[in-house]
Amino acid sequence: MSLAVQFSEYGNPDVLRVVDVPPLTAGPGQVRLAVRAAGVNPFDWKVLRGYMSQVMPLDLPAGLGSDVAGVVDQVGEGVTGFSVGDEVLGSSLTPSYAQAALADATALVAKPASVPWEVAGSLAGAGITAWQVLRKLQVAKGETLLIHAAAGGVGTFAVQLAVARGVRVIGTASERNHEQLRALGAEPVTYGEGLVERVRAVAPQGVDAVLDASGRGEIPDSLELAGGPARVLTLVAFDAADTGIQVHRAEQEGGGAEALREILALTLDGRLRVPVWRTFPLAEVAAALEVSQSGHLSGKLVLLPS
Ligand SMILES: NC(=O)c1ccc[n+]([C@@H]2O[C@H](COP(=O)([O-])OP(=O)(O)OC[C@H]3O[C@@H](n4cnc5c(N)ncnc54)[C@H](OP(=O)(O)O)[C@@H]3O)[C@@H](O)[C@H]2O)c1
(Lines give C-alpha, C1' and ligand atoms only; values in the text may rest on other atoms or scores of the structure.)
Protein backbone atom coordinates (compact mmCIF):
# COMPACT_ATOMS: atom_id res chain seq x y z
CA MET A 1 0.00 0.00 0.00
CA SER A 2 1.04 3.62 -0.44
CA LEU A 3 -0.44 7.01 0.42
CA ALA A 4 -2.48 9.17 -1.95
CA VAL A 5 -4.67 12.25 -1.64
CA GLN A 6 -8.35 11.58 -2.43
CA PHE A 7 -11.72 13.29 -2.28
CA SER A 8 -15.15 11.61 -2.19
CA GLU A 9 -17.19 14.78 -2.76
CA TYR A 10 -16.51 18.04 -4.60
CA GLY A 11 -15.78 20.98 -2.33
CA ASN A 12 -13.17 23.04 -0.51
CA PRO A 13 -9.70 21.62 0.27
CA ASP A 14 -10.93 20.38 3.68
CA VAL A 15 -12.73 17.49 1.91
CA LEU A 16 -9.32 16.04 0.97
CA ARG A 17 -8.04 12.94 2.77
CA VAL A 18 -4.69 11.13 2.66
CA VAL A 19 -5.53 7.44 2.35
CA ASP A 20 -3.82 4.09 1.77
CA VAL A 21 -4.32 2.88 -1.80
CA PRO A 22 -3.44 -0.43 -3.50
CA PRO A 23 -0.23 -0.60 -5.55
CA LEU A 24 -0.32 0.57 -9.19
CA THR A 25 1.02 -1.51 -12.08
CA ALA A 26 2.65 0.05 -15.14
CA GLY A 27 0.77 -0.87 -18.35
CA PRO A 28 2.25 -0.98 -21.87
CA GLY A 29 4.16 2.21 -22.66
CA GLN A 30 3.98 3.36 -19.04
CA VAL A 31 6.33 3.65 -16.10
CA ARG A 32 5.53 3.75 -12.38
CA LEU A 33 7.17 6.50 -10.34
CA ALA A 34 8.01 6.87 -6.68
CA VAL A 35 6.84 10.49 -6.55
CA ARG A 36 9.33 12.91 -5.02
CA ALA A 37 7.56 16.18 -5.95
CA ALA A 38 4.14 17.16 -7.31
CA GLY A 39 3.54 20.76 -8.40
CA VAL A 40 0.25 22.44 -7.47
CA ASN A 41 -1.70 24.22 -10.22
CA PRO A 42 -4.98 26.20 -10.08
CA PHE A 43 -6.48 23.49 -12.32
CA ASP A 44 -6.23 21.10 -9.33
CA TRP A 45 -8.52 23.10 -7.02
CA LYS A 46 -10.83 23.85 -9.96
CA VAL A 47 -11.21 20.05 -10.38
CA LEU A 48 -11.72 19.63 -6.61
CA ARG A 49 -14.45 22.29 -6.55
CA GLY A 50 -16.28 20.57 -9.40
CA TYR A 51 -15.72 23.40 -11.92
CA MET A 52 -14.44 20.84 -14.46
CA SER A 53 -17.08 18.18 -13.85
CA GLN A 54 -18.96 18.94 -17.10
CA VAL A 55 -15.92 18.59 -19.36
CA MET A 56 -14.03 16.10 -17.19
CA PRO A 57 -16.50 13.92 -15.24
CA LEU A 58 -14.77 11.92 -12.48
CA ASP A 59 -15.62 8.68 -10.71
CA LEU A 60 -15.38 9.53 -7.00
CA PRO A 61 -13.32 8.98 -4.94
CA ALA A 62 -10.72 10.62 -7.14
CA GLY A 63 -7.25 12.12 -6.79
CA LEU A 64 -5.54 15.31 -7.96
CA GLY A 65 -2.39 16.51 -9.68
CA SER A 66 -0.46 15.87 -12.87
CA ASP A 67 2.85 17.74 -12.45
CA VAL A 68 5.35 15.13 -11.30
CA ALA A 69 9.00 14.35 -10.64
CA GLY A 70 10.16 11.03 -9.26
CA VAL A 71 12.18 7.87 -9.57
CA VAL A 72 11.16 5.10 -11.99
CA ASP A 73 10.46 1.94 -9.96
CA GLN A 74 8.62 -0.17 -12.57
CA VAL A 75 8.77 -0.18 -16.37
CA GLY A 76 5.84 -1.37 -18.53
CA GLU A 77 5.99 -3.44 -21.70
CA GLY A 78 7.48 -1.67 -24.73
CA VAL A 79 9.20 1.14 -22.84
CA THR A 80 12.74 1.58 -24.09
CA GLY A 81 13.78 5.06 -22.95
CA PHE A 82 13.71 4.58 -19.17
CA SER A 83 14.93 2.02 -16.61
CA VAL A 84 14.29 1.39 -12.94
CA GLY A 85 16.20 3.98 -10.88
CA ASP A 86 16.02 6.79 -13.47
CA GLU A 87 15.10 10.24 -12.16
CA VAL A 88 12.46 11.85 -14.37
CA LEU A 89 9.93 14.69 -14.59
CA GLY A 90 6.85 15.55 -16.63
CA SER A 91 3.10 14.87 -16.53
CA SER A 92 1.47 11.89 -14.83
CA LEU A 93 -1.44 9.76 -16.04
CA THR A 94 -2.72 8.94 -12.55
CA PRO A 95 -2.92 11.61 -9.81
CA SER A 96 0.51 12.89 -8.74
CA TYR A 97 -0.57 14.01 -5.24
CA ALA A 98 0.50 10.54 -4.14
CA GLN A 99 3.54 8.47 -3.21
CA ALA A 100 3.19 6.50 -6.48
CA ALA A 101 1.93 7.48 -9.94
CA LEU A 102 1.85 6.08 -13.46
CA ALA A 103 3.01 8.09 -16.46
CA ASP A 104 3.20 7.57 -20.20
CA ALA A 105 6.90 7.29 -20.97
CA THR A 106 6.41 9.82 -23.80
CA ALA A 107 5.26 12.47 -21.27
CA LEU A 108 8.52 12.27 -19.28
CA VAL A 109 12.08 13.54 -19.69
CA ALA A 110 15.22 12.80 -17.67
CA LYS A 111 15.73 15.01 -14.62
CA PRO A 112 19.21 16.59 -14.62
CA ALA A 113 20.95 15.87 -11.30
CA SER A 114 21.47 19.60 -10.64
CA VAL A 115 17.74 20.44 -10.83
CA PRO A 116 16.19 20.17 -7.33
CA TRP A 117 13.17 17.89 -6.89
CA GLU A 118 10.78 20.72 -6.01
CA VAL A 119 11.73 22.58 -9.20
CA ALA A 120 11.55 19.42 -11.34
CA GLY A 121 8.06 18.66 -10.02
CA SER A 122 6.69 22.08 -10.91
CA LEU A 123 7.74 22.43 -14.54
CA ALA A 124 5.16 20.56 -16.57
CA GLY A 125 1.72 22.19 -16.30
CA ALA A 126 2.73 25.85 -16.29
CA GLY A 127 5.90 25.42 -18.37
CA ILE A 128 4.32 23.42 -21.19
CA THR A 129 1.34 25.81 -21.33
CA ALA A 130 3.63 28.85 -21.59
CA TRP A 131 5.70 27.19 -24.33
CA GLN A 132 2.56 26.26 -26.34
CA VAL A 133 1.16 29.77 -26.03
CA LEU A 134 4.31 31.43 -27.37
CA ARG A 135 4.26 29.01 -30.29
CA LYS A 136 0.63 29.87 -31.01
CA LEU A 137 1.07 33.64 -30.68
CA GLN A 138 4.22 33.43 -32.82
CA VAL A 139 5.96 36.17 -30.88
CA ALA A 140 9.24 37.01 -32.56
CA LYS A 141 12.41 38.81 -31.62
CA GLY A 142 11.89 42.56 -31.31
CA GLU A 143 8.12 42.29 -30.70
CA THR A 144 6.33 43.34 -27.52
CA LEU A 145 4.21 40.86 -25.54
CA LEU A 146 1.83 41.86 -22.75
CA ILE A 147 1.21 39.15 -20.14
CA HIS A 148 -1.66 39.47 -17.66
CA ALA A 149 -0.78 37.75 -14.33
CA ALA A 150 2.89 37.61 -15.31
CA ALA A 151 4.15 36.65 -11.83
CA GLY A 152 1.96 33.51 -11.66
CA GLY A 153 3.03 29.99 -12.58
CA VAL A 154 2.33 30.25 -16.32
CA GLY A 155 3.36 33.90 -16.46
CA THR A 156 6.77 33.24 -14.92
CA PHE A 157 7.59 30.67 -17.60
CA ALA A 158 6.08 32.76 -20.41
CA VAL A 159 8.11 35.84 -19.40
CA GLN A 160 11.39 33.94 -19.42
CA LEU A 161 10.74 31.90 -22.58
CA ALA A 162 9.76 35.11 -24.39
CA VAL A 163 12.79 37.07 -23.10
CA ALA A 164 15.04 34.19 -24.20
CA ARG A 165 13.58 34.64 -27.73
CA GLY A 166 14.46 38.35 -27.72
CA VAL A 167 10.87 39.51 -27.07
CA ARG A 168 10.12 42.59 -24.97
CA VAL A 169 7.71 41.62 -22.17
CA ILE A 170 5.37 43.89 -20.22
CA GLY A 171 3.78 41.95 -17.35
CA THR A 172 0.95 42.80 -14.96
CA ALA A 173 1.33 41.94 -11.27
CA SER A 174 0.69 43.37 -7.83
CA GLU A 175 3.40 45.76 -6.59
CA ARG A 176 4.97 43.16 -4.29
CA ASN A 177 5.86 41.04 -7.35
CA HIS A 178 7.32 43.87 -9.48
CA GLU A 179 10.90 43.32 -8.36
CA GLN A 180 10.63 39.59 -9.10
CA LEU A 181 9.28 40.35 -12.59
CA ARG A 182 12.11 42.80 -13.28
CA ALA A 183 14.61 40.14 -12.23
CA LEU A 184 13.08 37.79 -14.81
CA GLY A 185 13.46 40.39 -17.55
CA ALA A 186 9.92 41.84 -17.76
CA GLU A 187 8.70 45.40 -17.32
CA PRO A 188 6.07 45.28 -14.55
CA VAL A 189 2.84 47.28 -14.53
CA THR A 190 0.13 47.12 -11.87
CA TYR A 191 -3.13 45.44 -12.92
CA GLY A 192 -6.62 46.97 -12.51
CA GLU A 193 -8.35 50.24 -13.44
CA GLY A 194 -6.24 52.43 -15.77
CA LEU A 195 -4.21 49.53 -17.18
CA VAL A 196 -4.36 50.75 -20.80
CA GLU A 197 -2.81 54.09 -19.81
CA ARG A 198 -0.09 52.43 -17.74
CA VAL A 199 0.84 50.10 -20.60
CA ARG A 200 0.79 52.97 -23.10
CA ALA A 201 3.12 54.92 -20.81
CA VAL A 202 5.83 52.30 -21.46
CA ALA A 203 4.65 51.18 -24.95
CA PRO A 204 3.00 54.17 -26.67
CA GLN A 205 2.33 52.17 -29.89
CA GLY A 206 0.55 49.37 -27.99
CA VAL A 207 1.69 45.75 -28.02
CA ASP A 208 2.06 43.04 -30.68
CA ALA A 209 0.50 40.19 -28.71
CA VAL A 210 -1.25 39.47 -25.41
CA LEU A 211 -1.32 36.43 -23.13
CA ASP A 212 -4.19 36.57 -20.65
CA ALA A 213 -3.32 34.24 -17.75
CA SER A 214 -5.66 36.13 -15.43
CA GLY A 215 -9.23 36.01 -16.75
CA ARG A 216 -10.47 38.94 -14.70
CA GLY A 217 -12.01 41.04 -17.47
CA GLU A 218 -8.81 42.04 -19.29
CA ILE A 219 -10.00 41.21 -22.84
CA PRO A 220 -11.39 44.66 -23.86
CA ASP A 221 -8.14 46.36 -22.75
CA SER A 222 -6.15 43.64 -24.54
CA LEU A 223 -8.04 44.17 -27.81
CA GLU A 224 -7.41 47.89 -27.59
CA LEU A 225 -3.69 47.51 -26.88
CA ALA A 226 -3.10 44.80 -29.53
CA GLY A 227 -5.31 46.52 -32.13
CA GLY A 228 -7.56 43.47 -32.63
CA PRO A 229 -8.17 39.86 -31.56
CA ALA A 230 -5.79 37.90 -33.85
CA ARG A 231 -2.87 37.81 -31.43
CA VAL A 232 -4.75 37.91 -28.14
CA LEU A 233 -4.89 34.56 -26.33
CA THR A 234 -6.61 33.65 -23.07
CA LEU A 235 -6.14 30.69 -20.77
CA VAL A 236 -9.12 31.56 -18.63
CA ALA A 237 -11.71 33.88 -20.26
CA PHE A 238 -13.49 31.18 -22.28
CA ASP A 239 -16.62 33.35 -22.33
CA ALA A 240 -14.74 35.90 -24.48
CA ALA A 241 -14.32 33.47 -27.41
CA ASP A 242 -16.92 35.38 -29.45
CA THR A 243 -14.57 38.39 -29.65
CA GLY A 244 -12.36 36.36 -32.02
CA ILE A 245 -9.45 35.91 -29.60
CA GLN A 246 -7.66 32.58 -29.25
CA VAL A 247 -8.86 30.37 -26.41
CA HIS A 248 -6.18 27.94 -25.29
CA ARG A 249 -6.66 24.47 -23.83
CA ALA A 250 -3.25 23.00 -23.03
CA GLU A 251 -4.45 19.39 -23.07
CA GLN A 252 -5.43 19.74 -26.76
CA GLU A 253 -2.06 21.05 -27.94
CA GLY A 254 0.79 18.53 -27.41
CA GLY A 255 4.51 19.28 -27.60
CA GLY A 256 5.04 18.51 -23.90
CA ALA A 257 8.38 16.69 -24.00
CA GLU A 258 9.84 19.20 -26.49
CA ALA A 259 8.75 22.06 -24.23
CA LEU A 260 10.29 20.41 -21.16
CA ARG A 261 13.60 19.89 -22.97
CA GLU A 262 13.79 23.58 -23.93
CA ILE A 263 12.84 24.68 -20.40
CA LEU A 264 15.50 22.38 -18.89
CA ALA A 265 18.15 23.58 -21.34
CA LEU A 266 17.44 27.22 -20.41
CA THR A 267 17.42 26.28 -16.70
CA LEU A 268 20.82 24.59 -16.95
CA ASP A 269 22.12 27.66 -18.85
CA GLY A 270 20.98 29.92 -16.02
CA ARG A 271 18.55 31.70 -18.37
CA LEU A 272 15.35 30.40 -16.74
CA ARG A 273 14.56 30.32 -13.04
CA VAL A 274 11.62 28.58 -11.39
CA PRO A 275 10.88 30.31 -8.10
CA VAL A 276 9.46 27.78 -5.62
CA TRP A 277 7.57 29.69 -2.95
CA ARG A 278 6.48 26.94 -0.53
CA THR A 279 6.69 23.16 -0.20
CA PHE A 280 4.26 20.97 1.76
CA PRO A 281 4.20 17.35 2.94
CA LEU A 282 1.27 15.28 1.57
CA ALA A 283 -0.56 15.64 4.91
CA GLU A 284 -0.75 19.43 4.36
CA VAL A 285 -2.33 19.23 0.91
CA ALA A 286 -5.37 21.25 2.04
CA ALA A 287 -3.13 24.15 3.10
CA ALA A 288 -1.32 24.04 -0.26
CA LEU A 289 -4.59 24.27 -2.20
CA GLU A 290 -5.90 27.06 0.08
CA VAL A 291 -2.81 29.11 -0.81
CA SER A 292 -3.26 28.36 -4.52
CA GLN A 293 -6.93 29.40 -4.36
CA SER A 294 -5.98 32.73 -2.77
CA GLY A 295 -4.64 33.72 -6.23
CA HIS A 296 -1.66 35.77 -4.95
CA LEU A 297 1.59 33.83 -5.05
CA SER A 298 5.32 34.46 -5.27
CA GLY A 299 6.35 31.24 -6.98
CA LYS A 300 5.25 27.63 -7.31
CA LEU A 301 3.66 25.53 -4.56
CA VAL A 302 4.92 21.94 -4.41
CA LEU A 303 3.90 18.80 -2.51
CA LEU A 304 6.70 16.48 -1.40
CA PRO A 305 5.04 13.07 -0.92
CA SER A 306 8.16 11.20 0.18
N1 LIG B 1 -6.50 26.85 -20.47
C2 LIG B 1 -5.40 26.17 -20.13
O3 LIG B 1 -4.96 25.25 -20.83
C4 LIG B 1 -4.66 26.57 -18.88
C5 LIG B 1 -3.39 26.03 -18.61
C6 LIG B 1 -2.71 26.47 -17.46
C7 LIG B 1 -3.32 27.40 -16.61
N8 LIG B 1 -4.57 27.86 -16.89
C9 LIG B 1 -5.21 28.86 -16.02
O10 LIG B 1 -4.43 30.06 -16.09
C11 LIG B 1 -4.56 30.77 -14.87
C12 LIG B 1 -3.18 31.14 -14.36
O13 LIG B 1 -2.52 29.95 -13.93
P14 LIG B 1 -1.21 30.06 -13.03
O15 LIG B 1 -0.72 28.69 -12.77
O16 LIG B 1 -0.30 31.07 -13.63
O17 LIG B 1 -1.86 30.67 -11.69
P18 LIG B 1 -1.18 31.17 -10.37
O19 LIG B 1 0.24 30.67 -10.30
O20 LIG B 1 -2.13 30.85 -9.28
O21 LIG B 1 -1.06 32.77 -10.53
C22 LIG B 1 -2.15 33.58 -10.40
C23 LIG B 1 -1.68 35.02 -10.68
O24 LIG B 1 -2.84 35.85 -10.81
C25 LIG B 1 -2.44 37.16 -10.46
N26 LIG B 1 -3.59 37.97 -10.07
C27 LIG B 1 -4.29 37.94 -8.89
N28 LIG B 1 -5.27 38.85 -8.92
C29 LIG B 1 -5.18 39.48 -10.13
C30 LIG B 1 -5.93 40.53 -10.74
N31 LIG B 1 -6.97 41.11 -10.13
N32 LIG B 1 -5.56 40.91 -12.00
C33 LIG B 1 -4.53 40.32 -12.65
N34 LIG B 1 -3.78 39.33 -12.12
C35 LIG B 1 -4.11 38.92 -10.86
C36 LIG B 1 -1.51 36.97 -9.30
O37 LIG B 1 -0.58 38.05 -9.27
P38 LIG B 1 -0.21 38.78 -7.90
O39 LIG B 1 0.26 37.66 -6.95
O40 LIG B 1 0.91 39.68 -8.29
O41 LIG B 1 -1.44 39.45 -7.38
C42 LIG B 1 -0.83 35.61 -9.60
O43 LIG B 1 0.49 35.82 -10.09
C44 LIG B 1 -5.37 29.87 -13.92
O45 LIG B 1 -6.72 30.29 -13.93
C46 LIG B 1 -5.24 28.49 -14.54
O47 LIG B 1 -6.29 27.62 -14.20
C48 LIG B 1 -5.25 27.46 -17.99
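The values are calculated or read from the model by the stated rules, or taken from the named source; none is laboratory data. Small disclaimer: the values here were computed from a predicted structure and weren't measured. Please note: Cβ atoms are built from the backbone with ideal geometry, for glycine as well, and neighbour counts cover all protein chains shown. Each accessible area value is taken on the protein alone, full model and side chains, heavy atoms only, with ligands, DNA and RNA left out. Shrake-Rupley method; radii C 1.70, N 1.55, O 1.52, S 1.80 Å.
At-a-glance table
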| read-out | value |
| --- | --- |
| Heavy-atom accessible area order for 45, 277, 131, largest first, 1.4 Å probe | 277, 45, 131 |
| For region 153-306, the spread of Cα positions along each principal axis, largest first, Å | 50, 34, 34 |
| Average accessible surface area per residue within the chain, 1.4 Å rolling probe, Å² | 43 |
| Charge tally in the Cβ shell below 13 Å around residue 5, where Lys, Arg are +1 and Asp, Glu are -1, residue 5 excluded | -3 |
| Gyration tensor (alpha-carbon) shape descriptor, region 230-306, a/c threshold 1.5 | oblate |
| Kyte-Doolittle mean at least -1.0, axial Cα span of 15 Å or more - DSSP H helices of the chain | 124-137, 153-164, 256-268 |
| Interchain or long-range residues, amide H under 5 Å from residue 187's placed H | 169, 170, 171 |
| Computed [θ] at 222 nm, helices only, for the chain once each DSSP H run of length n ≥ 4 contributes -39500 (n - 2.57) | -7500 deg cm²/dmol |
| Relative contact order (%) - region 48-104, alpha-carbon pairs under 8 angstrom, separation at least six | 33 |
| Amide H partners (placed H, <5 Å) of residue 280, local residues excluded | 302, 303, 304 |
| DSSP-assigned coil residues among GluC sites (Glu not before Pro) in region 182-240, each with at most 16 further Cβ atoms within 10 Å | 193 |
| Potential extension, residue 60-residue 230 segment - 0.36 nm per residue separation minus Cα distance | 57.2 nm |
| At 1.002 mPa s and 20 °C, Stokes D of region 111-203 from Kirkwood alpha-carbon radius, µm² per second | 156 |
| Kirkwood Rh in Å, taken over all unlike Cα pairs in the chain | 19.7 |
